[in-house]
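For reference, the structure is listed below as structure tokens.
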Amino acid sequence: MVTQAGAARRSRSKFELYMWFFTRVSGILMLLMGAYSIIYANLMGGRGVMDAGAELRWAFFPISFHVSSTDVELTPNFQNPFWQFYSLLLFAFAATHGANGIRVILKDYVRHPVLLAWLNAMLFVLWLAIMGAAVYLVFAAQGA
Amino acid sequence: MSKLARVSIPQAIAYRGGQPMTAWLLHRLAGIGIVLFVGMHVFAGFILYAIPGGTANTVANALTEFYEARPMQIFVLFAVLYHGLNGLRIVVLDMWPSLHRYHREAMWVQWAVFLPLFLIPAFLIAIGAKVG
């Protein structure tokens, strides 16, 4: 016999467990993906051409906007479906990791449950909006 | 699950938690900083490139100029690198709990890795040098 409150608590703790796991996995993957981006930026013709700022911008979010101010040839190496998919994946990890972090911080400091629910709802809307913005920037605004 | 503590701000400042407290505070501040500034940058980019006439938008241009300034780039580098390395330390200690015996040493190792990884690119960004 499972009480409703008990079931709610269990499903909530399951959610926390999944988010805990996701935070660790996405964090490690983001570090590895950033290192891979920097190495490949140099292999793809960025060596001696990109400045440190451009390399780090490319590492954080490998989108052709981020290196268009340097002298590298954008096509085909820096602007192709592989990096589009890669940057969207990296952004999805980053946005979800960040939104979850803000959710944890809100839970730490906001004591009023109704206010907390509203703030979480706003956070979810912001997460959806920024994911939509990223999809647009990566796939539709390339080369604008 | 954190417990709700009722402490005043002076009490909170006077609390001397040492290295672990510094790590927790920097991790949290860096995390909030990344969400705020990178989120702002993405929305500014969206206004610039996705909205008709957006390239003339004063607010989006001001936000982009602010974000692209060298001090801001160095701040973002600090925040991302610190948050990443500190997170990696936490993951390693969580994966192998027996290492908790050396958790203070782990923090010093973290600083030893962090400082060159941060200071060298920060210097290169500051002077705008080509690398590779």
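The values are calculated or read from the model by the stated rules, or taken from the named source; none is laboratory data. As the structure is a computational prediction, the values presented were derived from the model and not from experiment. Cβ: placed from backbone, ideal geometry, glycine included. Neighbour counts: every protein chain shown.
Can you pull out the residues in the stretch A:43-91 that are within 11 Å of another protein chain (Cβ to nearest Cβ), of a type in the set (A, V, I, L, M) and under 14 Å from A:Ala141 (Cβ atoms)?
A:Ile63
When you go through B:Leu48, B:Leu36 one by one, which is the residue that is closer than 25 Å to A:Thr96 by Cα and under 19 Å from the mean Cα position of the chain (by Cα)?
On inspection, the qualifying residue turns out to be B:Leu36.
Considering the stretch A:49-84 alone, what residues qualify as being out of contact with any strand residue (DSSP E or B) (no Cβ under 9 Å at 6 or more places or on another chain) and acidic (Asp, Glu)?
Scanning the stretch A:49-84 gives A:Glu55, A:Asp71, A:Glu73.
Tell me the residue from B:Ala112, B:Ala23 that is over 19 Å from A:Phe61 (Cα atoms), at pLDDT 90 or above and surrounded by 13 or more Cβ atoms within 10 Å (Cβ to Cβ), please.
B:Ala23
Examine the stretch A:130-142 for a residue that is surrounded by fewer than 15 Cβ atoms within 10 Å (Cβ to Cβ), within 8 Å of chain B (Cβ to nearest Cβ), farther than 24 Å from B:Leu77 by Cα and within 22 Å of the chain's Cα centre (by Cα), and state whether such a residue exists.
For the stretch A:130-142, residues surrounded by fewer than 15 Cβ atoms within 10 Å (Cβ to Cβ), within 8 Å of chain B (Cβ to nearest Cβ), farther than 24 Å from B:Leu77 by Cα and within 22 Å of the chain's Cα centre (by Cα): present.
Across the stretch A:74-107, what is the total count of residues that are in a loop (DSSP other than H, G, I, E, B) and touching a helix residue (DSSP H, G or I) at 6+ places or on another chain (Cβ under 6 Å)?
1
What is the residue count in the stretch A:32-42 for residues that are facing chain B (nearest Cβ under 10 Å) and among the hydrophobic types (A, V, I, L, M, F, W, C)?
Counting residues in the stretch A:32-42 that are facing chain B (nearest Cβ under 10 Å) and among the hydrophobic types (A, V, I, L, M, F, W, C) gives 2.
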